[in-house]
1. Inspect the range 95-104 for any residue being in contact with a Phe, Trp or Tyr (Cβ under 8 Å, 6 or more places away or on another chain) and surrounded by 13 or more Cβ atoms within 10 Å (Cβ to Cβ) and give the result as yes or no.
2. Being in a strand (DSSP E or B) and among the hydrophobic types (A, V, I, L, M, F, W, C) is the filter here; which residues of the range 129-158 pass it?
3. Scan 139, 123 and give me the residue that is touching a strand residue (DSSP E or B) at 6+ places or on another chain (Cβ under 7 Å), basic (Lys, Arg) and open to solvent by 30 Å² or more (accessible area, probe 1.4 Å).
4. So is residue 43 within 23 Å of residue 124 (Cα to Cα) and open to solvent by less than 30 Å² (accessible area, probe 1.4 Å) or not?
Amino acid sequence: MAAAVEAPVVVGRLTRAHGVRGWLRLQSFTDPEDNLLSYRPWLQQRGGQWVSCEVEQVIPQPKGFLCKLAGCDSRNDAEALAGTLLAVAKDVLPASDDEIYWIDLIGRSVETPDGTSLGRVDRVLETGANDVLVVVGDRERLLPFIESVFPEVGATDAPLVAHWDPEF
């Protein structure tokens, strides 16, 4: 077991046991789903800390994946891990100039072009058409994460500027 890792990025979830030899069903949160397979090491939350886990094998399935983790050798072992989130350290993810990760949006302040505060990004929702930022301030606002509302997404420590009516 490796040292604990601070603030990892959640990339999937072990959903339930599969069979009697310690296999688990795995749901990927990455897009595309198989990107999860290229990120290592995987981390599991144990005792309130994220720790490295060794992946022995992953098999693609029509709806997700089956995976076998080291030390998970029985159905009871697998059932104990069911529901566990999987994460990776942020520096494992590929850097990109034209994409931003949700983790980079959460916690950022949001304001209008004239400097009126709308609050902070609490979470991001995937709606199919576009992502939606849940901004919590004096009230909760759902702002579509599209270019007409957020024409520029600058440095991660700068406020997001939303072309949005604060009264809406």
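1. Our first condition is that a residue be in contact with a Phe, Trp or Tyr (Cβ under 8 Å, 6 or more places away or on another chain); within the range 95-104, this holds for none.
So far as the range 95-104 goes, no, none of its residues is in contact with a Phe, Trp or Tyr (Cβ under 8 Å, 6 or more places away or on another chain) and surrounded by 13 or more Cβ atoms within 10 Å (Cβ to Cβ).
2. As a first pass, look at the range 129-158 and keep what is in a strand (DSSP E or B): 131-136, 140-144.
Passing the criteria: 132, 133, 134, 135, 136, 142, 143.
3. Details: 139 fails: touching a strand residue (DSSP E or B) at 6+ places or on another chain (Cβ under 7 Å).
Answer to the check: 123.
4. Answer is yes for this residue.
Residue-by-condition table, conditions (1) in a strand (DSSP E or B); (2) touching a residue at least 60 places away in the same chain (Cβ under 8 Å); (3) under 13 Å from the mean Cα position of the chain (by Cα):
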| site | (1), (2), (3) |
| --- | --- |
| 17 | yes, yes, no |
| 21 | no, no, no |
| 25 | yes, no, no |
| 58 | yes, no, no |
| 66 | yes, no, no |
| 77 | no, no, no |
| 86 | yes, yes, yes |
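The values are calculated or read from the model by the stated rules, or taken from the named source; none is laboratory data. All values derive from a computational prediction rather than experimental measurement. A quick note on method: Cβ atoms are made from the backbone with ideal geometry, for glycine too, and the neighbour counts reach across all protein chains shown. When the accessible area is computed, the model is the full protein with side chains, heavy atoms only, and any ligands, DNA or RNA have been set aside. Shrake-Rupley method; radii C 1.70, N 1.55, O 1.52, S 1.80 Å.
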